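Novice: What follows is a structure written as structure tokens; I'll ask about it next.
The values are calculated or read from the model by the stated rules, or taken from the named source; none is laboratory data. Model, not experiment: these values are computed from the prediction. Cβ atoms come from the backbone with ideal geometry, glycine included; neighbour counts cover every protein chain shown. Just so you know, the surface numbers come from the protein's heavy atoms only, side chains and all, with ligands and any DNA or RNA stripped out. Shrake-Rupley method; radii C 1.70, N 1.55, O 1.52, S 1.80 Å.
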Amino acid sequence: MIKLENISKDLGDFKLKNIDLELKEEEYFTILGPTGTGKSILLEVIAGLQQPEEGDIWFEDELVSNLPPEDRQIGMVYQDYMLFPHLDVKENILFGLKLRKESAAEKKQKLQQIVSLLGINDLLDRSVKTLSGGEKQRVALARALIISPKILLLDEPLSALDPSTKNKIQQDLKRVHTELGTTTLHVTHDFNEALSLADRIAIMQEGEIVQVGSPQQVFKQPESNFIAEFVGSKNIFVGQVVHKDDRTVIKINEDIELEINTEKEGDISLIIRPEDIIISHQFFNSSARNSYQGVVKEVKERLSIVEVKVDIGIEMIAYITYRSLEEMGIEPGKEVYLTFKATACHVIKNA
């Protein structure tokens, strides 16, 4: 559906570097990366607001690299809404249809369809100055979608909203995409947002795409330390691969070796997801090949889980439920065992 080939853009102190990316028809695709990594610039290049020095942009079988923005059939929603303050809600939404030779009846039908879909029928006669953040974002989304774009570009659309409103707009985006099937490219720095919405995710770092995959692939199998840290991996270690008879371990320090499954040699990095670690009061026999005694150093209560930091010679974080916290009486200073499988140790890369 949409294909970027070798897109490069030099802005002096920042560069987009050889971006290759392909979106499938009706896909909800998210570009995820820290602030300042080039996500918004890439959207502007796709929209025709910036011209790349190199590379081609294809929509279906049409080369659009040299087309002006108004001829690319793109809808775009910005972080700060970009609504026209001198127009009411209805006029803002209809603005994109002004240059189209459609009858008043056709425009009315499209308006009714999109405002009903987004639940903003009662806002049409309001001044945009009186709207809440969530209402403004729904109006901006309606304005972008009413033109039936080939691709919808969303530039950090939820970052200015409070958590409750953000969750509601997130649900709206998912529902609208299911209903209309518009191919969507959404940029954000929020991994939870991407995890909730995206069919696939691209991770961007300093102007480059460094990994593409499903949300679960990116979360469970990050391809670099940067990606692991960015998506919130808690247990990241560097060590030396050592083969001992029929065992393969990573030697992290003089006292700690973790048994792993890998064919890599030498220095490696790995992650262990906190939810893959079992906490117990006593050692127990299981198929898991890693079990270590340690001391609880810290207990942090989160929204739905409890984060427990344990020193086993290295500090590791495991997740437990609130019920387990209460039943086990876990607190700083308690001795516990951490148990996890070798398959839970994901090798990221050769260091």
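Novice: Please give, to one decimal in nm, the separation of the simple spin-label points placed at V238 and E70, each 7 Å out from Cα toward the Cβ.
Specialist: Taking the simple label geometry, V238 and E70 are separated by 5.4 nm.
Novice: Of the labelled options (1) 33; (2) 21; (3) 12, which one gives percent of Cα pairs over 38 Å apart as computed for this structure?
Specialist: (1)
Novice: What is the set of long-range amide H partners of M76 at a cut-off below 5 Å, with H atoms built 1.01 Å from backbone N?
Specialist: Amide H neighbours of M76, under 5 Å, 5+ apart: L153.
Novice: Given the rule -39500 (n - 2.57) for each run of at least 4 DSSP H residues, summed and divided by the residues of the chain, what is its mean residue ellipticity at 222 nm, to the nearest 500 deg cm²/dmol? Walk me through the numbers on the way to the answer.
Specialist: Working: 9 runs with 87 residues, N = 351.
Per the formula, -7000 deg cm²/dmol.
Novice: Can you give me the % of accessible surface on the range 1-63 that is carbon or sulfur? Probe 1.4 Å, all protein chains present, nothing else counted.
Specialist: Details: 1240 of 2990 Å².
With neighbouring chains kept in place, the figure for the range 1-63 is 41 percent.
Novice: Zone of E53 (label point 7 Å along Cα→Cβ, backbone N under 20 Å): which residues in the range 1-15?
Specialist: 4-15
Novice: If you average the sequence gap of Cα pairs under 8 Å that are 6 or more apart and divide by the length of the range 32-110, what percent do you get for the contact order?
Specialist: Values: 32 pairs, mean separation 12.6, N = 79.
Relative contact order here is 16 percent.
Novice: Checking the cross-link filter: which aspartates and glutamates have an alpha carbon closer than 16 Å to that of K9, excluding same-chain neighbours under 8 positions apart?
Specialist: K9 reaches D20, E44, E53, E54, D56, E206, E208.
Novice: Additional query: Would you mind calculating the relative contact order of the range 67-189 from Cα pairs under 8 angstrom and at least 6 residues apart, reporting the percent as a whole number? Don't skip to the answer; put the middle values down first.
Specialist: Details: 161 pairs, mean separation 46.7, N = 123.
Normalised by residue count, the contact order of the range 67-189 is 38 percent.
Novice: So how strong a dipole does the range 2-224 carry about its Cα centre when Lys and Arg Cβ are +1 and Asp and Glu Cβ are -1, to the nearest 20 debye? Mind dumping the intermediate values first?
Specialist: Numbers: 26 positive and 36 negative charges, 196 e Å.
Charge dipole, the range 2-224, about its Cα centre: 940 debye, nearest 20.
Novice: How many angstrom lie between the Cα centre of the range 217-233 and the Cα centre of the range 29-50?
Specialist: 20 Å
Novice: A further question on this structure: What percentage of the solvent-accessible surface of the range 139-254, computed with a 1.4 Å probe over protein heavy atoms, is contributed by carbon and sulfur atoms? Show your work: numbers first, answer last.
Specialist: On the way: 2100 of 4860 Å².
Here it works out to 43 percent.
Novice: Follow-up question, since we're still on this one. As a test, work out the antiparallel percent of DSSP beta bridges whose residues both lie in the chain, rounded to the nearest 5.
Specialist: Details: 59 of 77 bridges.
In the chain, DSSP labels about 75 percent of beta bridges as antiparallel.
Novice: Name the shape class, rounded, prolate or oblate, that the alpha-carbon gyration tensor gives for the range 104-205, where a ≥ b ≥ c are the square roots of its eigenvalues, rounded holds for a/c under 1.5, and otherwise prolate holds if a/b is larger than b/c and oblate otherwise.
Specialist: Details: a/c = 2.23, a/b = 1.42, b/c = 1.58.
Note, shape of the range 104-205 comes out oblate.
Novice: Can you send over the solvent-accessible area of Y319, 1.4 Å probe, protein chains only, in Å² to the nearest 10?
Specialist: Ignoring ligands and nucleic acids, Y319 comes out at about 60 Å².
Novice: About the Cα centre of the range 233-349, how large is the charge dipole given +1 on each Lys and Arg Cβ and -1 on each Asp and Glu Cβ? Please answer in debye to the nearest 20. The partial results should precede the final answer.
Specialist: On the way: 15 positive and 20 negative charges, 56 e Å.
My answer is approximately 260 debye.
Novice: Now a separate question. Would you check the accessible area of D162, probe 1.4 Å, heavy atoms only, in square angstrom rounded to 10?
Specialist: We get 80 Å² for D162.
Novice: Another question, if that's okay. Cut-off 10 angstrom, C-alpha nodes, Gaussian network model of the chain. Which of M316, M76, M328 fluctuates the most?
Specialist: So, out of M316, M76, M328, the one fluctuating most is M328.
Novice: Please work out the average accessible area per residue across the chain, using the 1.4 Å probe convention, and give it in Å².
Specialist: On the way: 17540 Å² over 351 residues.
That works out to 50 Å² for each residue.
Novice: Taking the chain as a Gaussian network, where each spring joins two C-alpha atoms under 10 Å apart, which residue of D56, D267, D246 fluctuates the most?
Specialist: Sorting by GNM fluctuation, first place goes to D246.
Novice: Sticking with this structure for a sec: Specify which residue in the list L325, F283, S233 is farthest towards the positive end of the charge dipole of the range 233-349, using unit charges on the beta carbon of Lys, Arg (+1) and Asp, Glu (-1), about the Cα centre.
Specialist: S233
Novice: While we're here: Need one number: nm distance between label points at E223 and R302, each 7 Å from Cα along Cα→Cβ, rounded to one decimal.
Specialist: That separation, rounded to one decimal, is 2.6 nm.
Novice: Evaluate Rg over Rh across the range 233-349, taking Cα atoms for both radii and Kirkwood's formula for Rh.
Specialist: On the way: Rg = 14.3 Å, Rh = 14.6 Å.
Dividing the radius of gyration by the Kirkwood radius yields 0.98.
Novice: Mind checking the alpha-carbon convex hull of the range 1-123 and giving the volume per residue in Å³?
Specialist: On the way: hull volume 19.0 nm³, N = 123.
Enclosed volume per residue, from the Cα hull, is 155 Å³.
Novice: Of the candidates G12, G38, G333, which one comes out as most mobile in a Gaussian network treatment of the chain with C-alpha springs shorter than 10 Å?
Specialist: Per the Cα network of the chain with a 10 Å cutoff, G12 tops the list.
Novice: So if I take the centroid of the Cα atoms in the range 191-207 and the same for the range 168-182, what is the distance between those two points in Å?
Specialist: Distance between centres, Cα-based: 17 Å.
Novice: I've got another one for you. Note down the relative contact order for the chain as a percent, whole number, built from C-alpha pairs under 8 angstrom at least six residues apart. Could the numbers behind the result be given before it?
Specialist: On the way: 683 pairs, mean separation 55.8, N = 351.
Reported as a whole number, the value is 16 percent.
Novice: Are any of the pairs K251/K300; K168/K220; K234/K349; K300/K334; K166/K300; K15/K39 more than 19 Å apart by Cα-Cα distance, and if so, which? Kindly include the intermediate steps, with their values, before the conclusion.
Specialist: Working: K251/K300 28 Å; K168/K220 27 Å; K234/K349 17 Å; K300/K334 15 Å; K166/K300 25 Å; K15/K39 11 Å.
Violating the 19 Å limit, Cα to Cα: K251/K300; K168/K220; K166/K300.
Novice: Mark the label point 7 Å from the Cα of E327 along Cα→Cβ and return the residues of the range 256-276 whose backbone N is within less than 19 Å of it.
Specialist: Counting only backbone N, you get 275-276.
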